[in-house]
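So the structure is just underneath, and the comments pick up after that.
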């Protein structure tokens with residue numbers, strides 16, 4: 001690994017140089033950042049994938065949706081379409097991407113749209129839904145063509161940006177200096193038990209005056225992929241775990257904590273499951289155990305698996321997740337609510 005990093009180091013220098021020059025030009029307003037006449041909240045990260053942006057977006061939606069007309073704009077990673085699209089519950093992940101579809105299914109009352117060019121996406125949203133009061137940007141931290149009113153930066157507890165390297169040596173999309181654009185920093189995927197000393201050490205390592213919060217994943221109901229039925233996991237169940245996400249460490253730890261027996265079938269992040277994969281999963285499941293068995297997956301994977309007709313006869317469930325703040329929940333929520341309130345009062 002060390003040898004590979006040495007080989008890739010010159011490429012990382014070039015990548016760092018390009019991104020740093022680009023950020024400098026935006027900072028000096030040589031490149032234009034567009035501002036819009038409504039609150040725009042961005043949730044993103046400095047690293048590539050796996051920080052928990054989707055459940056954090058859902059947390060913010062839960063907080064704001066009852067008192068404001070809310071819209072979410074995403075790139076729609078992994079979709080086969082390329083133009084602007086508004087997401088409906090009848091779409092598939094191939095049309096709009098798995099994460100936007102998950103959010104639309106969970107919050108049908110809000111507008112969800114996909115567009116890689118974020119300025120175009122915001123303009124389309126405002127044109128189609130002129131009563132929109134707040135736009136939430138999913139994973140647009142590096143999209144400097146829009147200047148959000150509130151920038152939320154996520155970084156994972158186990159691999160914080162200050163311990164990472166610029167791509168391709170590491171996973172950073174830009175230098176750690178990018179933290180300076182954040183209005184809020186969240187250390188995500190923390191362990192259930194984290195000491196005050198550890199949190200203080202992380203804050204010291206991040207080294208900035210931005211408010212820093214800590215969150216963990218809370219696992220909830222186990223829900224059928226194909227209907228709304230739920231089950232309780234227990235030690236007598238045999239589980240075939242099927243995942244296609246960037247990071248499964250937290251889910252596997254949860255299964256181990258519950259002392260559950262499982263076999264893991266792992267695919268790459270945003271994996272587009274096919275009929276051939278369905279045949280393979282079915283064959284493995286048939287041989288896996290004789291009785292009292294299920295297939296377990298993640299909520300994001302469920303958006304892709306449920307579109308495969310061949311799997312509909314199998315007992316496939318996903319484990320729902322939510323974000324839980326470790327202390328200072330009210331401080332975080334008040335900062336968001338005050339931002340929205342102040343914007344409305346002065347607009």
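The values are calculated or read from the model by the stated rules, or taken from the named source; none is laboratory data. Quick caveat: nothing in here was measured; it's all calculated off a predicted structure. All Cβ positions, even for glycine, are placed from backbone atoms using ideal geometry, and neighbour counts span all protein chains on display.
Assorted remarks:
- Here residue 83 clears all of (1) under 28 Å from residue 270 (Cα atoms); (2) part of a loop (DSSP other than H, G, I, E, B); (3) in contact with a helix residue (DSSP H, G or I) (Cβ under 6 Å, 6 or more places away or on another chain) except the condition numbered (3).
- Selected residue (only one of 313, 307 is out of contact with any helix residue (DSSP H, G or I) (no Cβ under 8 Å at 6 or more places or on another chain) and assigned to a loop (DSSP other than H, G, I, E, B)): 313
Results for (1) within 23 Å of residue 190 (Cβ to Cβ); (2) out of contact with any helix residue (DSSP H, G or I) (no Cβ under 9 Å at 6 or more places or on another chain); (3) in a strand (DSSP E or B); (4) at pLDDT below 90, shown as yes or no for each residue.
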residue	(1), (2), (3), (4)
239	no, no, yes, no
246	yes, yes, no, yes
256	yes, yes, no, no
265	no, no, yes, no
273	no, no, no, no
281	no, no, no, no
291	no, yes, no, yes
300	yes, no, no, no
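- Residues of region 188-233 that are assigned to a loop (DSSP other than H, G, I, E, B) and under 30 Å from residue 312 (Cα atoms): 225, 226, 227, 228, 229, 232, 233.
- Within region 43-86, the set of residues being within 20 Å of residue 130 (Cα to Cα) and within 17 Å of the chain's Cα centre (by Cα) comprises 61, 71, 72, 73, 74.
Residue-wise test of (1) within 21 Å of residue 141 (Cα to Cα); (2) surrounded by fewer than 19 Cβ atoms within 10 Å (Cβ to Cβ).
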residue: 5; (1), (2): no, yes
residue: 9; (1), (2): no, yes
residue: 29; (1), (2): yes, yes
residue: 32; (1), (2): yes, yes
residue: 51; (1), (2): yes, no
residue: 74; (1), (2): yes, no
residue: 80; (1), (2): no, yes
residue: 97; (1), (2): yes, no
residue: 103; (1), (2): yes, no
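- The set of residues in region 156-169 that are part of a loop (DSSP other than H, G, I, E, B) and either in the same structural domain as residue 249 (by TED's automatic domain parsing) or under 18 Å from residue 205 (Cα atoms) (or both) comprises 157, 158, 159, 160, 164, 165.
- Pairs, first without any contact (Cβ under 8 Å) to a residue 40 or more places away in the chain in region 21-34, second surrounded by 13 or more Cβ atoms within 10 Å (Cβ to Cβ), C-beta under 9 Å, six or more apart: 25/31; 25/144; 27/144; 27/181
- Test: residue in region 326-337 that is within 30 Å of residue 200 (Cβ to Cβ), in contact with a strand residue (DSSP E or B) (Cβ under 6 Å, 6 or more places away or on another chain) and surrounded by fewer than 20 Cβ atoms within 10 Å (Cβ to Cβ): yes
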